[in-house]
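The block underneath contains the structure these notes are about, expressed in structure tokens.
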Amino acid sequence: MRDTEIADIQAGEVESVWVSRQLGRPVAKAWNAIGSDSLARLAKPAGHPDRIAIPVAAEMNVIDMSSMALVGDRGFDAVDAGTLSESWRQQPGSPVLPHGLH
């Protein structure tokens, strides 16, 4: 919405897949599902009843697990949001559902 048009994305490629391809590296997508104010204020220790969850999408299981651990260390529960190609669900206005739930 804020960047210049990118032909591959305009043609339907998921933004995170495009970024991973541009970098030539695996990418995990997590932090765009929460605003900076909420990120700063809502972190809670593991097991806290008011702890909220953040979806994490990644291509490789190792990357996914590392990313999920980082989310947990920051004070949020990590939810497996599937592969990077499914990370479009984490875009503003899209339905975020845990992997396998419909």
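A compact table of results
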item	result
Residues (in contact (Cβ under 8 Å) with a residue 60 or more places away in the chain and among the β-branched types (Val, Ile, Thr)) located in segment 1-56	VAL14, VAL17
Residues of segment 64-96 that turn out to be of a type outside the set (S, T, N, Q), at pLDDT below 80 and in contact with a helix residue (DSSP H, G or I) (Cβ under 9 Å, 6 or more places away or on another chain), as a count	3
Elements of type helices (runs of 4 or more DSSP H) contained in segment 1-88, each with 3 or more residues being under 13 Å from the mean Cα position of the chain (by Cα)	15-23, 61-74
Per-region count, segment 1-37, residues among the polar types (S, T, N, Q) and either closer than 18 Å to MET68 by Cα or surrounded by 17 or more Cβ atoms within 10 Å (Cβ to Cβ) (or both)	3
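The values are calculated or read from the model by the stated rules, or taken from the named source; none is laboratory data. Computed from a predicted model, the values in this text were never measured in an experiment. As a convention, Cβ positions derive from the backbone with ideal geometry for all residues, glycine included, and neighbour counts pool all protein chains shown.
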